[in-house]
Amino acid sequence: MNGYLGKLLRVDLNQSRLWDEALNEDYARNYVGGSGLAARYLYNILDANTDPLGPENPLFFLTGPLVGTSMTSAGRYSVCARSPLTGIWGEANSGGFFGPELRYAGYDGVLITGKAEQPVWLSIVEGQAALHTAGDLWGSDIYATQTRLREALGDPKVRVACIGLAGENMVKLAGIANDHGRFSARTGLGAVMGSKNLKAIAARGTGKVPLYAPEEFRAVTNQILALYKEDFPAQSLRAYGTAGYVNLSHMLGDLPIRYFQLGEYAPADNLSGVDLAEKYLTRNTACHKCVIACGRETRSPTYNDSKVDGPEYETVGALGSLLMIFDLEAVIHAGHLCNLYGMDIISMGVTIGLACELFERGLLTTADTGGLEIRYGDAETVFRLIELTARCEGFGAVLAEGNAALAERAGVPELSATVNRLEVPMHEPRAYLGMAVTYALSPRGACHMEGDMFSLDLGQSNLEEVSLEPGDRHDNTIEKGRTAARLQAWRNLYNSLTLCQFENPGVRPLLAAINAATGWGLEAEDLMTLGKRIVNIKRLMNFKLGLTKANDRLPDLLLKPLKEGGSAGYVPDIPTLLAGAYAEFGWDPESGRPLGDLHL
């Protein structure tokens, strides 16, 4: 199988049994890798009776055919299972080096079932896998865990994916960390890992990925690499990281402020990525074969933090402007605490944001919170809430269930900022109306990685060959809905190859790389076909897990027009936009079910 190792590692924790299994070639050809391939495998396993935190919920780590090659940005991996936070399809993905190292160790992925009697960790070294007791690791933060496993295996190049205290306590906001502070953060899959008593996976190998046409592949990836040396968006990301978008986002009304209720607030510009770079940046960090190096390593002297991973744009929004905190050092420290404990920063920030709003409205009092006053702008209380949530102590045990559960507990579900119980990221669907489609139809709930209309409409992608071109960000039409659907299909393909969305070489170079790696002989239109097939199987999976067409909606909070800022007065026309998306995907307009050939 060119582009694949052709092998999965199976792990049954109930019986402490490990074995190799041949990768299903038909599945790979039709669903590629990453979250798409995981969905095909798990489609026949998951159903509405699967307990997300039970031993029967399979946890799948998967790479894709370009991962670990010379392709720039191909350093990602996906983790998939039924989500304990949302109850539906759960997927998360991360960059860094863990995905490539897993392939060098001899495997395309790892499928884990069951639950160990006691905490364990898994080593995969040069094709040999073993389980080890992890009692002495239980309770360690994500940084200490990675360091100790590198020491245990006697190799500083060992790559580790692990959970922190939040995952151990099965907090539904828990993620899986790798390569210091990189995270498969969303949908609570760290809790699934914790429910299995699995602390970490450590990988090391020196193998290579077999390619169909190695010389051709090298030539095309060198061409792609050259594109990014002079590319302006890449240069901006290198200089200022993702937080470099803060000022433009604020101007366009894309930056959520005061729990999605303000469209503009002057102090938000204090969270600028430019200020971050000038005052607190210690160095850039990069993922496997990446020339952009958008990662930030920062410091926060006020809080005695000398080495912090991040913050990213999402961190600045979720733990900054959303909570009316405009001190970069406080945001850096709050993000660091989430990293230490292993929690999704987006979900944590949006859940604390709701707590602030409920307290403001008198729907939450100190009697409910163990004496804590939860106010907008109070960084110290945010620090305390992050720790309590990770430990599932006091009011933190309530926050650990997520935003939707908190809104229901307070009797105001209309104040929840979630789609299918996943917290909304830091991009406003009132600023880019196509994002309404992305959020409403994303298979894992509200997710900006399922279709970045903010990038497309800003002209940062060159995808004319698959009918993806920039448009009016406030267009409320059938065609905008169709465009958003095509972009969702395209990004689902990206999350299956699996590639970083910050590097967009264009359709032809990407097509040439895929064909040189796999020998599939694809045409440009085949890429969109693959992307739509991946979207469709995830949708059918969610229908099995209990969703219906009625779940294709946005929260009430995001359908109220803002009074100020760059998105003032705009709201997405959900029926019109979704009608366009349904037509593009070929879904039945009455039931919302996919009608095409899924190769099941």
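The values are calculated or read from the model by the stated rules, or taken from the named source; none is laboratory data. Because the structure is predicted, anything quoted here is derived from the model rather than measured. With ideal geometry, Cβ positions are generated from the backbone for all residues, glycine too; neighbour counts draw on all protein chains shown.
Just a few scattered comments:
One line per residue, one yes/no per condition, for (1) of a type in the set (S, T, N, Q); (2) touching a residue at least 60 places away in the same chain (Cβ under 8 Å); (3) touching a helix residue (DSSP H, G or I) at 6+ places or on another chain (Cβ under 9 Å):
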| site | (1), (2), (3) |
| --- | --- |
| V535 | no, yes, yes |
| L545 | no, yes, no |
| A550 | no, no, no |
| P555 | no, yes, yes |
| L562 | no, yes, no |
| S567 | yes, yes, yes |
| I574 | no, yes, yes |
| R593 | no, no, yes |
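- Single match in A200, A213 (criterion: outside the structural domain of H336 (by TED's automatic domain parsing), in contact (Cβ under 8 Å) with a residue 40 or more places away in the chain, among the aliphatic types (A, V, I, L, M) and crowded, with 24+ Cβ neighbours inside 10 Å): A200
- Against the list (1) surrounded by fewer than 18 Cβ atoms within 10 Å (Cβ to Cβ); (2) touching a helix residue (DSSP H, G or I) at 6+ places or on another chain (Cβ under 7 Å); (3) small (G, A, S), the condition A226 fails is (2).
- Filtering region 178-197 to residues that are in contact with a Ser or Thr (Cβ under 6 Å, 6 or more places away or on another chain) and either without any contact (Cβ under 8 Å) to a residue 60 or more places away in the chain or of a type in the set (V, I, T) (or both) leaves only T187.
- When the residues of region 26-60 are filtered to those that are among the aliphatic types (A, V, I, L, M) and within 13 Å of T113 (Cα to Cα), the one that is surrounded by the fewest Cβ atoms within 10 Å (Cβ to Cβ) is I45.
- Residue in region 587-595 that is closer than 13 Å to A440 by Cα and of a type in the set (S, T, Y) present: no
- All conditions in (1) closer than 20 Å to G402 by Cβ; (2) surrounded by fewer than 24 Cβ atoms within 10 Å (Cβ to Cβ); (3) of a type in the set (A, V, I, L, M, F, W, C) hold for I88, with the sole exception of (2).
- Taking the listed residues A436, A379, A410, A400, the one that is in the same structural domain as I346 (by TED's automatic domain parsing) and either out of contact with any Leu (no Cβ under 9 Å at 6 or more places or on another chain) or surrounded by 24 or more Cβ atoms within 10 Å (Cβ to Cβ) (or both) is A400, with no other qualifying.
- Enumeration of residues in region 296-312 that are over 22 Å from G167 (Cα atoms) and crowded, with 24+ Cβ neighbours inside 10 Å: R296, T298
- Scanning region 62-85 for residues that are over 30 Å from A400 (Cβ atoms) and surrounded by 24 or more Cβ atoms within 10 Å (Cβ to Cβ) yields T63, G64, P65, L66, V67, G68, T69, M71, T72, S73, A74, G75.
- Every condition in (1) at pLDDT below 95; (2) on the phi > 0 side of the Ramachandran plot is met by G127 except one, and the failing one is (1).
- Residues located in region 121-149, provided they are outside any helix (DSSP H, G or I), of a type in the set (V, I, T) and under 12 Å from A202 (Cβ atoms): I124, V125
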